[in-house]
1. Roughly what % of Cα-Cα distances in region 43-169 sit above 24 Å, to the whole percent?
2. Around residue 105, what is the net charge, scoring Lys/Arg as +1 and Asp/Glu as -1 over all other residues with Cβ under 15 Å from its Cβ?
3. For residue 260 and residue 25, FRET efficiency with R0 = 51 Å and r from the beta-carbon atoms, rounded to 0.05?
4. Can you give me the Kirkwood hydrodynamic radius for region 227-298, using every pair of distinct Cα atoms, in Å to one decimal?
5. Rounded to a whole number, what % of the accessible area of region 12-93 do carbon and sulfur atoms account for, probe 1.4 Å?
6. Charges at C-beta only: +1 for Lys and Arg, -1 for Asp and Glu. How large is the resulting dipole of the chain about its Cα centre, in Debye rounded to 20?
7. Expressed as a whole percentage, what fraction of the accessible surface of region 139-179 belongs to carbon and sulfur atoms when a 1.4 Å probe is rolled over the protein heavy atoms?
8. With the other protein chains left in place, how much accessible area per residue, in square angstrom, belongs to the chain at a 1.4 angstrom probe?
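The values are calculated or read from the model by the stated rules, or taken from the named source; none is laboratory data. Keep in mind that this is a model prediction, so the values were computed, not measured. Methodologically, a virtual Cβ is constructed for each residue, glycine included, from the backbone with ideal geometry; neighbour enumeration extends over all protein chains shown. These accessible areas exclude ligands, DNA and RNA; they are computed on the full protein's heavy atoms, side chains included. Shrake-Rupley method; radii C 1.70, N 1.55, O 1.52, S 1.80 Å.
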Amino acid sequence: MKLQQLRYIWEVARHDLNVSATAQALYTSQPGISKQIRLLEDELGVEIFERSGKHLTRVTPAGEAILARAGEILRTAEAIRQVAQECRNDQRGTLAIATTHTQARYALPPVIKAFMERYPEVSLHMHQGTPVQIAEMAAAGTVDFAIATEAMDHFADLVMMPCYRWNRCIVVPRGHPLAALRRLTLEDVARHPIVTYVFGFTGRSRLDEAFREKGLTPRVVFTATDADVIKTYVRLGLGIGIVARMAVDDIQDSDLVVLDASGLFKPSVTRIGFRRGTFLRGFMYEFIELFAPHLSRAVIDAACERHGTPALAELFAGIELPTY
């Protein structure tokens, strides 16, 4: 059994059983991959993939178990390489982050700028997606860090750490009736068509929860993953916008009226997470601390040690999170 063979079966599964696409991604030949998979199956005495002619059709039950173990082995091998690279040069490497549009557009730019100035030889790659996709990428080891607000607690293999609290605001065109109210209520908001985030994005669950507790049914007429898109359709008169407060720029969005909604909705917490067992290089610790200064190296190491235990919640209970 060779590490290369495990990488081939892992990548074939990741490329939806398309051997040709796998060969292109790995810069090798399709027959070479097929041959190595057959050799591995012959050695193990089981089929990892079912076939129809020359095409792979599905992963066998035995293959599912083998792939899970192969993934663990490949991640361990990568960690060993990272350890060696850290010893050779702790200023060079790659860092892959998966996050939502809101984080990428509004929260991360100053952090990434400071990080790149400090580590010019580290290649940084950003992936955007839904919170579930982001967590899945981190759990699979496709990225180093996942940064999001929703859906992160459903992946037991991720070490999750709170970064900051944030809340929402309501944006309306100038002259809108809501802008004239001295005290805004959820009942007032529910009377108007709403433009906001797609369910599962950027703390949307907190918004739905607030209306539900009041027995209100909001009329959500348009949803998007991008706060800038939401503001565009507010300007077109489609409805009132509910977005993260950090997503509104007082200068660029000066044509809109910003109404504080922190009293209407419970705050949300953005978290950063990585797969349990990940080898964290020095610059990875520093990236986390740049993003969330209370997450020092000692705190991060303690979170890894306490992962999956009640002591993890105790670790963060005494930390006052910044609010945006």
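1. 47
2. Numbers: positive: 113, 231, 245; negative: 226, 228, 249, 253.
Net of charged neighbours comes to -1.
3. With R0 = 51 Å, the Cβ-Cβ based efficiency is 0.60.
4. On the way: mean 1/r = 0.0642 Å⁻¹.
The answer is 15.6 Å.
5. 51
6. Around 440 debye, computed over the chain.
7. 49
8. Numbers: 16380 Å² over 324 residues.
Per residue, the chain has 51 Å² of solvent-accessible surface.
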